[in-house]
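Colleague: Have a look at this one.
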Amino acid sequence: MTQPGILAIWNDVAPGHDAEFDTWFQIEHLNERLAVPGFMFGRRHQAISGSAGYFNFYLVESPAVLTSKPYLDRLDNPTPMTRHIMSHVFANMSRTLCLRTLRRGAFRGAYAVTVRFDMEPDEAALTALVDELVKDINVAAGEIWRAVDTSGQPVSTEEKLRGGDRKIKAALMIDTLRQADAEALGARMAREFPAADVGVFRVLCQLGRGMET
């Protein structure tokens, strides 16, 4: 079975532009992306703590979807609203194409803890950690994402409008049911992974199929 792909994005918004960012995301962007063949599910989050104000990700059928012609054509032909958002609203963009190498748990939670790694982590140790965490009834699920090498891909028009994106090597995402559990887990992850970027987020909205996958 082909492992799914993940498009993982963390970003800030220029001061005073949050309402504009929400309007674009809710009215245009989520539906536009999910219209691309192979896109299954998208979910938006806003930070409770951490270095990024927002986190969103897309689940796709395989990482190849994220380098497919329909998707690349979309990136190179942004709508007028998208051009404006990319040029004037996005800030501190981290965007990475990933392979989802592990998922444990049958649900998605209302809160998420993300751990971003700039160096290759020990996958066996991360797997053991996820297996431990999902034994807690307050943890809905856990996933490990590994960056896909895109060094041969051209820089898209959208990325040029943003002025370039930061990339990660891998990420850990843990969903919880309640905020207190997410905050406690975020504090633990910050202690265990002091060199990583840890964020705690609440879910804003989600759209698509395969939400439980």
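Colleague: Give the relative contact order (percent, whole number) for the stretch 98-213; include only Cα pairs under 8 Å separated by 6+ residues.
Modeller: Details: 195 pairs, mean separation 49.5, N = 116.
For the stretch 98-213, the relative contact order is 43 percent.
Colleague: A further question follows. Among Gln46, Gln179, Gln153, which one moves the most in a GNM of the chain with springs linking Cα atoms closer than 10 Å?
Modeller: Gln153
Colleague: Using Cβ contacts closer than 10 Å as the measure, can you line up Phe21, Phe55 from fewest to most?
Modeller: Details: Phe21 19, Phe55 26.
Ranked by crowding around the Cβ, least crowded first: Phe21, Phe55.
Colleague: In degrees from 0 to 90, rounded to the nearest 10, what is the angle of the helix 123-133 Cα long axis to the longest principal axis of the chain?
Modeller: Here the helix axis deviates by roughly 70 degrees.
Colleague: Starting from 0.36 nm per residue, how many nanometres of slack lie between Asp122 and Asp18 once their C-alpha separation is accounted for? Intermediate results must be reported in sequence, preceding the final value.
Modeller: Details: separation 104, 0.36 × 104 = 37.44 nm, distance 3.65 nm.
Extra length from Asp122 to Asp18 when fully extended: 33.8 nm.
Colleague: Most fluctuating residue of Ser51, Ser62, Ser151 in a GNM of the chain with Cα springs under 10 Å: which is it?
Modeller: Evaluated over the chain, the most mobile residue of the options is Ser151.
Colleague: Right, another one. Restricting to DSSP H runs of at least four residues, report the calculated mean residue ellipticity at 222 nm for the chain, -39500 (n - 2.57) per run over all residues, nearest 500 deg cm²/dmol.
Modeller: That calculation yields -8000 deg cm²/dmol at 222 nm.
Colleague: Quote the relative contact order of the chain in percent (integer), defining contacts as alpha-carbon pairs under 8 Å separated by 6+ residues. Numbers along the way, then the final one.
Modeller: Details: 447 pairs, mean separation 65.0, N = 213.
Once normalised by length, the contact order is 31 percent.
Colleague: Could you give the distance between the Cα centres of the stretch 22-65 and the stretch 160-213, to the whole Å?
Modeller: 13
Colleague: Could you identify which residue out of Pro121, Pro37, Pro194 has the top mean-square fluctuation in a GNM of the chain using Cα springs shorter than 10 Å?
Modeller: So, out of Pro121, Pro37, Pro194, the one fluctuating most is Pro194.
Values quoted throughout were computed directly from the atomic coordinates according to the rules given, and no laboratory measurement underlies them. These numbers come from a predicted model, not from an experiment. All Cβ positions, even for glycine, are placed from backbone atoms using ideal geometry, and neighbour counts span all protein chains on display.
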